[in-house]
Structure formats: structure tokens, C-alpha cells
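Step one of this worksheet: look at the structure below.
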Amino acid sequence: MIRRTFLLSATALALVASAAPANARDQWTKAQANSWHANQPWQVGANYTPATAINQLEMFQAETWDPKRIDLELGWASAMGMNVMRVNLHHLLWETDAPGLKRRMDEFMTIAAKHNIKTLWIFFDSCWDPNPVAGPQHPPIPGVHNSGSVQSPGADRLKDASQYGKLEAYVKDVVATFAKDDRIVGWDIWNEPNNGGGGNYKPTPDKNKYVALLLPRFFDAARAANPVQPLTSGVWIGDHWDDLNRVDAVEKIQIRESDILSFHDYSWAETFEKRAKQMLSYGRPVWCTEYMARGNGSTFDNTLPIAKKLNIAMYNWGFVDGKMQTRFPWDSWKKPYTFEEPTIWFHDILYFDGKPYRQAEVDLIKRLAAAPKGVVPASGK
């Protein structure tokens, strides 16, 4: 297990990162990707933010860093058989306190590794609030799903070419710091890069044009650090992912640049299986880095057994109900659940105290995780 000390200033680290291209690696071949994936266990886990944080800024800023709570929650995850977590970073965390961010990333991975959990780190995110601000975050909006999540780089930075070098330096430096760390299962370059934003926020004009410009640069920045871990970015919308002539410019980049392909799906089992097989048609390993929205028909019961059979890694959205309030559905942005709870939870597996929302879900995850790769136990349906 790799351990590092963090002594350089953010400026010095950025200069070190800028010198990294000499060791840049190429995209993995299909054979390399499949060989790497064959040596991994079946991955099952969640998109993770502790219940005490409203977003990744609150999770990793020094004033609100909560390792005791993280340790408690990851212990619950391990007990149900989870072995991976997908975790969001933010460029503002690096720009305001790069050494502190990396110390806390290291501490998070130390806690996770104690519970036999590896981490998939996300650099950028196109979802929710397009105007992120470092420092204290606002409290949750009552009854509203994901009311504090913020985009990275956000609307202003996306269009400011003078800041692109700093964003690339952020990626290079973080990957270079942990490029040989076996606690990391991969790097997710940009979450849903062609997402308009969601919520009640004003859309960013020409967003996809800027994303299509930056996304390959960020893949290059990560490869410049010569990581031993795979790179990915997941497609999330559309019906024809197996045909590059029928996807948009951003999706072409995601599919062509990823070492391991990934996708999101919040729909019924039939659609999940169709999309999974479309992604598998490229001959690379596949991860589903977001799924499970009970009200949409995406459940553990109907989706996980398919993924286990196909050896697709699975990261559901949400883990412990908390400040992100993702037990509320997406439509809570239009009609907040302030007077009553939703009929069923949309996301999340556990109550704040660790009690399962549905014990049968926890039992299913545990059964599937314990079975050999590709094997779906009879009781798992």
C-alpha cells in the first residue's frame, strides 16, 4: 500500500505536475484493460458522501472533515459486502488547499482500505449548481433532492480559457501523487460531462462545446502522470451507445478515451441489460458507475443479478441518508417533500443510524458479493 507525505506548496506541486508528460502513457489496449479487469474482484459499492456532508466541498474541507463518521459508514458498507466507493473531488479543494486535500484523500483511503474498500475518484462534475463556492456550504433545502451538490469546474470557469492550465495542473498533480496507489481502483475524469445541470438552475450556454474541448485535455493530463489505474468517464443518456455515429461529440470522446468503459442507468432491468450489452460490444470491461432509483424502476433486485452475471462493476447512487437528501426523488425540485415523506425512498440504502431501509436489499448485495465472479446464487434471482 502506497503512503506519501505532502510537503510541497500548491504552486510547486503545479510545476511538478506540468513536467509530467515525459512519462505519459497511452490509452490501454483492449487486451491490457481486460487483463487488468480479470485480476479484480467483482466490484460492488456506492457513490459516497458521508451523511454529515452536503457535497464534496463539505466532505473534504478541513473545517468539516469527519473521519470518524466515514469510518463508521464504511464499516457498514464492508459488512454488506461492498468493496468499492466512487467519490467526488472538486478543483476548488485543490486550489484553496492542495496539500490538505491530498492528506485527506490519503486518510480517506486509509480508512477505506481498513474495510477492504477501494476508491474510484471523480475529478469534474456537470450536475446541479453551476456556481460553486469554496468555504461554508449552505444547509440543505428542506424536502429537496441533492440541494447542495455543485458542478466542477462550473459555468464561469468552463468558459475561461485562462484557467484551463490550472484545471489541467489539478488533474496532473492529484494523479501523479497517487499514480501507483493500489487503494485506487480508477480515475473518473468527468461525471456526466454533457449533463445540462438539473435542478432549477439556469443552463450554461454552449456547455457541450466547452466540455468537448476540455474533456480530452483532462484525459491527457491524467495520462501524463502515468497512472497504473484505469481512466474512465461514463455515458448516461441515449439509446445507441454501440454506434459512434449516433452519439454526440462528448460521448465519442468518453468512449474513445476511456481505458474501462462506464455508463449510468436509472431505468428498468430490460433497459439496463440492453445498455450494458451495448457498452460491452466495444470489447472492453464495463462499469456502471450510477444506478438505483426505486421510483424509476431501477432497483437492486432487478439490476444487480444481471450485472453480476455480466461481470459489470456496480456503484449505486447514495449510501446513508443524510444532508444530500437523496431519499427524495428528482421531482422534489418542483414539489419539495416538506409535509410528508415520499412513498418510497428514491436512493440510499441505510438510515442515518445504519439501519437498512430494506433488509432484503442488504441481504442481496451480501449474497452476490460473496459468490464467485459471474455467479448469481439461486436465492439472488
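The condition (being modelled with pLDDT of 95 or more and at positive phi) is satisfied by just one residue among G295, G283, G322: G283. Remark: pairs (first residue in the stretch 26-47, under 13 Å from A313 (Cα atoms) and in contact (Cβ under 8 Å) with a residue 40 or more places away in the chain; second residue open to solvent by 20 Å² or more (accessible area, probe 1.4 Å) and assigned to a helix (DSSP H, G or I); Cβ separation under 6 Å; 6+ apart in sequence or on different chains) = V44/A369. Among the conditions (1) of a type in the set (D, E); (2) within 19 Å of G197 (Cα to Cα); (3) out of contact with any strand residue (DSSP E or B) (no Cβ under 7 Å at 6 or more places or on another chain), D129 misses just one, which is (3).
The set of residues in the stretch 209-251 being open to solvent by less than 40 Å² (accessible area, probe 1.4 Å), more than 16 Å from D188 (Cα to Cα) and touching a strand residue (DSSP E or B) at 6+ places or on another chain (Cβ under 9 Å) consists of W241, V247. Checked against the criterion of being buried (at least 22 other Cβ atoms within 10 Å of the Cβ), touching a residue at least 12 places away in the same chain (Cβ under 8 Å) and either among the small types (G, A, S) or in contact with a helix residue (DSSP H, G or I) (Cβ under 9 Å, 6 or more places away or on another chain) (or both), the candidates P99, P130, P67 yield just one match: P130. Among the residues that make up the stretch 316-324, is at least one of them under 27 Å from W128 (Cα atoms), open to solvent by 20 Å² or more (accessible area, probe 1.4 Å) and of a type in the set (S, T, N, Q)? For the stretch 316-324, residues under 27 Å from W128 (Cα atoms), open to solvent by 20 Å² or more (accessible area, probe 1.4 Å) and of a type in the set (S, T, N, Q): absent. Return the residues of the stretch 151-176 that are farther than 16 Å from F219 by Cβ, of a type in the set (A, V, I, L, M, F, W, C), open to solvent by 10 Å² or more (accessible area, probe 1.4 Å) and in contact (Cβ under 8 Å) with a residue 40 or more places away in the chain; say none if nothing qualifies. Selection gives A155 alone.
Just to be sure, is P329 closer than 15 Å to H145 by Cβ, touching a residue at least 24 places away in the same chain (Cβ under 8 Å) and surrounded by fewer than 17 Cβ atoms within 10 Å (Cβ to Cβ)?
Numbers: closer than 15 Å to H145 by Cβ: yes; touching a residue at least 24 places away in the same chain (Cβ under 8 Å): yes; surrounded by fewer than 17 Cβ atoms within 10 Å (Cβ to Cβ): no.
Answer is no for this residue.
Number of residues in the stretch 360-376 that are open to solvent by 20 Å² or more (accessible area, probe 1.4 Å) and either part of a helix (DSSP H, G or I) or within 20 Å of S298 (Cα to Cα) (or both) equals 7.
Taking the conditions (1) without any contact (Cβ under 8 Å) to a residue 40 or more places away in the chain; (2) over 19 Å from N34 (Cβ atoms); (3) surrounded by 23 or more Cβ atoms within 10 Å (Cβ to Cβ); (4) not hydroxyl-bearing (S, T, Y) in turn, F263 satisfies each one other than (2).
When you check E73 against the structure, is it in a helix (DSSP H, G or I), crowded, with 24+ Cβ neighbours inside 10 Å and either more than 20 Å from the chain's Cα centre (by Cα) or of a type in the set (D, E, K, R) (or both), yes or no? Working first, answer last.
Numbers: in a helix (DSSP H, G or I): yes; crowded, with 24+ Cβ neighbours inside 10 Å: yes; either more than 20 Å from the chain's Cα centre (by Cα) or of a type in the set (D, E, K, R) (or both): yes.
Criteria met by E73.
The values are calculated or read from the model by the stated rules, or taken from the named source; none is laboratory data. Note that this is a predicted model, so its numbers are computed, not measured. Every residue, glycine among them, receives a Cβ derived from its backbone with ideal geometry; neighbour counts consider all protein chains shown. SASA here: full protein model, heavy atoms, side chains in, ligands and nucleic acids out. Shrake-Rupley method; radii C 1.70, N 1.55, O 1.52, S 1.80 Å.
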